[in-house]
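Peer 1: This structure is in structure tokens; I'll ask about it shortly.
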Amino acid sequence: MSEVILDREENSAEDRSRSSSPQPPPPYRDGSHSPPRRSPPPPPPLPSSYKRPRMDDGRIGEGFEPGDTRRMPGFCDLPEKVVAEIMSWLPIKSLLQLKCVHKSWCALTSTLITSQWFVAKHFKNSERGASLFQRTSVNLPYETINSDASNSFMTINKEDGGNDPICFATRDFSVPESVVGVRGSHCNGILFLPDKDTDKVLLCNPAIREFKLLRSSCFGSNFKTQVMVGFGYDAIANVYKVVRVVRLHGTSVGACIAAEICTLGNRDSWREIKMKIEIDITSLTFDELYHKGIYYWVIDDKFMKNMLISFDMHVEEFQTIPLPEDHDLQEFRATSSTKIIHWKLGLWKESVTLFKYVKSIAPNSYAQPIKMWILDEISSSCQEKSFCWTKCADLLFGGTLQYYPLVFWKSDELLLRTSEIGLYASYNLRTQKLRNMKLHFFNDRSIHAFVYMESLVSMPGARKMISSS
């Protein structure tokens, strides 16, 4: 017992001697005698709304540690107006594919494409992606032997800078119903393809694959053929209408001309409307065009009384507009055995234009100039509008190759057809540069082309097109 006490006393003496002399600090966990560097405090946790699930394959986004569920703001966190603005710039095909991604995307897309505001905004943003729609036929427009037209879309590269060659892509389009003839037009993404020999009128939206076929007539069995047919949009009433002038079967006083109109969605029934203008029963339609609620036709009859007829989709009235005076017209008529006068409507910088050109039947004859006018509306106090023509240009390319105007596919670029089968050209009105383009698939004798823009516009009572595959 005394030994144990002695040891404690000795130890306490040693402890006192050690405490009196300086001693190094005890080692830290890492074995060093210096304190570790202090790390910065961790960042505050992000709000719960910024949590993003990991990717399906288990990968973690850059800057994220395993097990970390934080995320940056996503598409679904944006305001609704911003989301709608972004999606209004998407092509329709990509927009519709979003419906297959997830239920939430399907609901969002379905809501947008049924909104009139979004449909109108999307259509306005699609102007840069406009393409050409061509209808070609192996037969002349007024031959007795009929054949179905071949329909195709052609997209021309608009950012070519005016360089050669012109780059373009084409794709065929099969219409859901057979219609004879090459006439047609376009309104808000809806193709308008009337049949020249029957009462059929085909309306089709290729972008959303919907179509509508109008048949019958308010004149019943007295209906014979369609003389003029037009399709357009009444912006005030917010409805689409089809109007036509028809030739009726002979009565006790002979055959006559009448007009009727059909408002889509109103049981698609036809009703007769009054005609305050006179049209010869033998009238033929040279060309047609729709622009801003008005449909235009250039017609010709056996007495060579050429005229422009317009129809206002809202007031539902026809109006005749005299064609521009041309002092060379008598000269062309004097040689009608070797020359045929043609009229062509166009749309240049939001203005209706009219071309007059001559097709020469005689071989090795020199090409005639293409004359171009712009239609200007004159303000008038009377109910009927007044118009005048302004001469714009005389296009003469020289040589024996003849050029015929087709359509303005870009601001100043006019697509031309030539007398050589399959050879086309583009002429720039500003730079006066002519560029040829070979289209081997256009081995035709009759062609009609117009600018087409995709849209989400759905017609009331439309049916879905069956995929060709």
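Peer 1: With the structure loaded, tell me whether residue 218 is in a strand (DSSP E or B), modelled with pLDDT of 90 or more and in the same structural domain as residue 300 (by TED's automatic domain parsing) or whether it fails that test. Let's see the steps before the verdict.
Peer 2: Working: in a strand (DSSP E or B): no; modelled with pLDDT of 90 or more: yes; in the same structural domain as residue 300 (by TED's automatic domain parsing): yes.
The answer is no for residue 218.
Peer 1: Looking at (1) touching a residue at least 40 places away in the same chain (Cβ under 8 Å); (2) surrounded by fewer than 18 Cβ atoms within 10 Å (Cβ to Cβ); (3) of a type in the set (A, V, I, L, M), which is the only condition residue 228 fails?
Peer 2: So residue 228 meets the others, but not (2).
Peer 1: Also, I was wondering about something else. Can you find a residue in the stretch 307-317 that is acidic (Asp, Glu) and modelled with pLDDT under 90? Full working, then the answer.
Peer 2: From the stretch 307-317, those acidic (Asp, Glu) are 312, 316-317; that's our starting set.
When the remaining residues are screened for being modelled with pLDDT under 90, the result is none.
No, that holds for no residue.
Peer 1: So if I check each of 286, 223, 211, which one is touching a Cys at 6+ places or on another chain (Cβ under 8 Å) and in the same structural domain as residue 177 (by TED's automatic domain parsing)?
Peer 2: Values: 286 fails: touching a Cys at 6+ places or on another chain (Cβ under 8 Å); 223 fails: touching a Cys at 6+ places or on another chain (Cβ under 8 Å).
After applying the criteria, what remains is 211.
Peer 1: For residue 417, work out the one condition from (1) surrounded by 13 or more Cβ atoms within 10 Å (Cβ to Cβ); (2) at pLDDT 90 or above it doesn't fulfil.
Peer 2: (2)
Peer 1: Test residue 120 against the criterion of being within 30 Å of residue 153 (Cα to Cα), modelled with pLDDT of 55 or more and touching a helix residue (DSSP H, G or I) at 6+ places or on another chain (Cβ under 8 Å), and give yes or no. Give the derivation first.
Peer 2: On the way: within 30 Å of residue 153 (Cα to Cα): yes; modelled with pLDDT of 55 or more: yes; touching a helix residue (DSSP H, G or I) at 6+ places or on another chain (Cβ under 8 Å): no.
No: the conditions fail for residue 120.
Peer 1: Still on this structure, I have one more. Return yes or no: is residue 258 under 30 Å from the mean Cα position of the chain (by Cα) and not aromatic (Phe, Trp, Tyr)?
Peer 2: Working: under 30 Å from the mean Cα position of the chain (by Cα): no; not aromatic (Phe, Trp, Tyr): yes.
When the stated conditions are applied, residue 258 does not pass them.
Peer 1: Scanning for something modelled with pLDDT of 95 or more and on the phi < 0 side of the Ramachandran plot, does the stretch 244-258 turn up at least one residue?
Peer 2: Of the residues in the stretch 244-258, the ones modelled with pLDDT of 95 or more are none.
No.
One line per residue, one yes/no per condition, for (1) under 25 Å from residue 306 (Cβ atoms); (2) surrounded by fewer than 20 Cβ atoms within 10 Å (Cβ to Cβ); (3) not aliphatic (A, V, I, L, M):
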site: 190; (1), (2), (3): no, no, no
site: 206; (1), (2), (3): no, no, yes
site: 222; (1), (2), (3): no, yes, yes
site: 257; (1), (2), (3): yes, yes, no
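The values are calculated or read from the model by the stated rules, or taken from the named source; none is laboratory data. Note that this is a predicted model, so its numbers are computed, not measured. All Cβ positions, glycine included, derive from the backbone under ideal geometry; neighbour counts span all protein chains shown.
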